[in-house]
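Take a look at the structure set out below.
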Amino acid sequence: MKPMTAEWVAKAEGDFAIMERECQVTENPNYDGICFHAQQCAEKYLKARLCEVDITFSKIHDLVALLDQVLEVEPTWESFREDLAYLSDFAVTFRYPGESADAESAIDAQRRCHRFRNAARDVLEL
C-alpha cells in the first residue's frame, strides 16, 4: 500500500472511530456528528482507493462524483451508489443551522458507512 493511501485509510478510521463512539452515547448523542463522520469515513476510503491506483481527484465531498471516478477500477462498487448518495448529504447540510439529523438517520448513516467501509477494506486488503 502506498504511504499516501495508508494516510487516507488512517484518517478514514479516525472518522469511523468517532462515529462508533458517538453511537454508544446514551445521553445527548450528537446525531449530526454521527452522520458527518459516516460521510467522512466513506469519502476518505474512496479517496484512498483512488490514490492507490493513481487516479487524481479534486478536493470535493460529493461521494457520487468520487464513486464515478473509482468505478473504472472497482465496477462492483456501483452497488453502493444509493448508500453513498445518502451519505453525501451529510458533508455540509447538517453541519449548519436549519437542518438536523435524528436518531433514525444516524442509525441509517452508520449502517451504510459500515457496509461501504467493509467493501473498501476488503479491496485494500485490510
Original post:
Where in region 55-96 are there GluC sites (Glu not before Pro) that are in a DSSP coil and have at most 15 other Cβ atoms within 10 angstrom of their Cβ?
Top reply: Glu72
Subject >> Charge dipole (debye, nearest 20) of region 1-93; +1 at Cβ of Lys and Arg, -1 at Cβ of Asp and Glu >> reply: 280 debye
Subject >> Karplus 3J(HN,Hα) series, Hz, for region 99-104 with 6.51 cos²θ - 1.76 cosθ + 1.60 (x for Gly, Pro) >> reply: 9, 9, 7, 10, 4, 5
**OP:** Provide the net charge surrounding Tyr45, with neighbours chosen by a C-beta distance below 14 Å and charges set as Lys +1, Arg +1, Asp -1, Glu -1.
**Re:** -1
Original post:
Tell me, what is the percent relative contact order of region 1-96, built from C-alpha pairs under 8 Å that lie six or more residues apart?
Top reply: 31 percent
Original post:
Per residue, what volume in Å³ does the Cα convex hull of the chain take up?
Top reply: 95 Å³
**OP:** Filter the GluC sites (Glu not before Pro) in region 1-63 to those in DSSP coil with at most 10 other Cβ atoms within 10 Å of their Cβ, and list the result.
**Re:** Glu27
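We did not get these values from a lab; they are worked out from the coordinates using the rules stated. Given the structure is predicted, the values throughout are model-derived calculations rather than measurements. Note that each Cβ is placed from the backbone with ideal geometry, even for glycine, and that neighbours are counted across all protein chains shown.
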